There are 2 protein chains.
Amino acid sequence: MTTLQKTELNGIDTTRMTETVQALEADPTLARFEFRNRNRWIQGGENRSTISGFYGAGREDDSRSEPFVFTNGEPPVLLGDNEGANPVEFLLHALAGCVTTTTVLHATARGIKIDRISTRLVGEIDLQGLLALDDSVPAGYKQIEIEMDIDADCSDEELDDLLQFSKAHSPTCNTVCRPVPLVLKRARRSQ
Amino acid sequence: MTTLQKTELNGIDTTRMTETVQALEADPTLARFEFRNRNRWIQGGENRSTISGFYGAGREDDSRSEPFVFTNGEPPVLLGDNEGANPVEFLLHALAGCVTTTTVLHATARGIKIDRISTRLVGEIDLQGLLALDDSVPAGYKQIEIEMDIDADCSDEELDDLLQFSKAHSPTCNTVCRPVPLVLKRARRSQ
């Protein structure tokens, strides 16, 4: 009988990472995940999300005893009272986290030790789109720029390669860069 | 001298809304906004964003005395410890909030009083993309479905028209549906 030694790099259990990848290679259906959110309007630009369960790795996840709760709001210049960050700011938070985690994951797979990562994101948007004042203006971000300050035990060339790989494989980056099918349907009125 | 009466619908000050739209019509450059986020990696799939200032309506906003702080994490099945919701879940939160606020805004412009809105979002994703196990699998969401339960003082036809208008004019919906240019650049190493 051998004793498995737990190995760790960048805060990731590399033994479990290898086992996870091997399990997905053996049965690719385990890679199908379904994430969910419920949101309730409060008033004006204020609304609140509750995030809890999801499906993945072939089963319903039950690891969260309490849901995560987040409030969207708007600043006064957009008719709110800063009840929370606004939705397009939360989108930048999702993007920052996803590109960071994707970078850490693939660095770990390559055996690169990361010393630090910090990112600064800037997204440009013209609100004539949201307000339907000019049909030629897209409602969404015109462009998003991410500047990543990263240091790791590898060369500049290896870092540049890692970052391009990360951009191409980050789920949130890909959701932003690619036209993703979005269905909005109305529930039947219940009264 | 006339006394301006404050009018309100759906928690939105309609006098201010009208004034805002008139100001943007007079000077469309006021509609240019720049939103920002700073994020710092902690370990593994854990990282933290700080959201504070932005530029819009022709100036730097100074309405937030304290920044908003949000933590991304991952569940155990994705090698984390539920330090926070994960980035693709935060993306669903952004989407829910944006489609809700856009609906409320345009309902208010149409004089429709909303009684309630709640949304349920489901996003399907195949993590073979993230893990680079199959190049034919996109890294991002395959599809996102939003079911909105809405009641308001208008007909079903008016609600359906409002929802389609909202989907087309929501900044986050549009950022997801449209291929948005995303630049990831590396800061010069500082040591």
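The values are calculated or read from the model by the stated rules, or taken from the named source; none is laboratory data. Keep in mind that this is a model prediction, so the values were computed, not measured. Cβ sites come from the backbone with ideal geometry, for glycine too, and all protein chains shown count toward neighbours.
Here are the numbers:
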read-out: Test set (1) within 7 Å of chain B (Cβ to nearest Cβ); (2) among the aromatic types (Phe, Trp, Tyr); (3) over 30 Å from B:HIS106 (Cα atoms) - A:TYR55 fails condition number; value: (1)
read-out: Single residue of A:THR101, A:THR29, A:THR50 found to be at the interface with chain B (Cβ under 7 Å from one of its Cβ atoms), at pLDDT 95 or above and more than 30 Å from B:ASP62 (Cβ to Cβ); value: A:THR101
read-out: Residues being without any contact (Cβ under 8 Å) to a residue 12 or more places away in the chain, buried (at least 24 other Cβ atoms within 10 Å of the Cβ) and either of a type in the set (S, T, N, Q) or part of a helix (DSSP H, G or I) (or both) - total across the stretch B:102-136; value: 0
read-out: Residues being surrounded by fewer than 15 Cβ atoms within 10 Å (Cβ to Cβ) and either part of a loop (DSSP other than H, G, I, E, B) or more than 7 Å from every other protein chain (Cβ to nearest Cβ) (or both) - total across the stretch B:139-155; value: 2
read-out: Failed item, numbered, when B:SER63 is tested on (1) crowded, with 24+ Cβ neighbours inside 10 Å; (2) within 7 Å of chain A (Cβ to nearest Cβ); value: (1)
read-out: Test: A:ASN86 is surrounded by 15 or more Cβ atoms within 10 Å (Cβ to Cβ), of a type in the set (S, T, N, Q) and at the interface with another protein chain (Cβ under 7 Å from one of its Cβ atoms); value: no
read-out: Residues that are touching a residue at least 12 places away in the same chain (Cβ under 8 Å) and more than 17 Å from the chain's Cα centre (by Cα), drawn from the stretch B:43-65; value: B:GLY44, B:GLY45, B:GLU46, B:ASN47, B:ARG48, B:ALA57, B:GLY58, B:ARG64
read-out: Residue that is nearest to B:PRO138 (Cα to Cα) [pool: residues in the stretch B:55-96 that are out of contact with any Asp or Glu (no Cβ under 7 Å at 6 or more places or on another chain), part of a loop (DSSP other than H, G, I, E, B) and acidic (Asp, Glu)]; value: B:GLU74
read-out: Matching entry among A:SER136, A:SER118, A:SER166 (being facing chain B (nearest Cβ under 7 Å) and either among the hydroxyl-bearing types (Ser, Thr, Tyr) or closer than 23 Å to B:THR100 by Cα (or both)); value: A:SER118
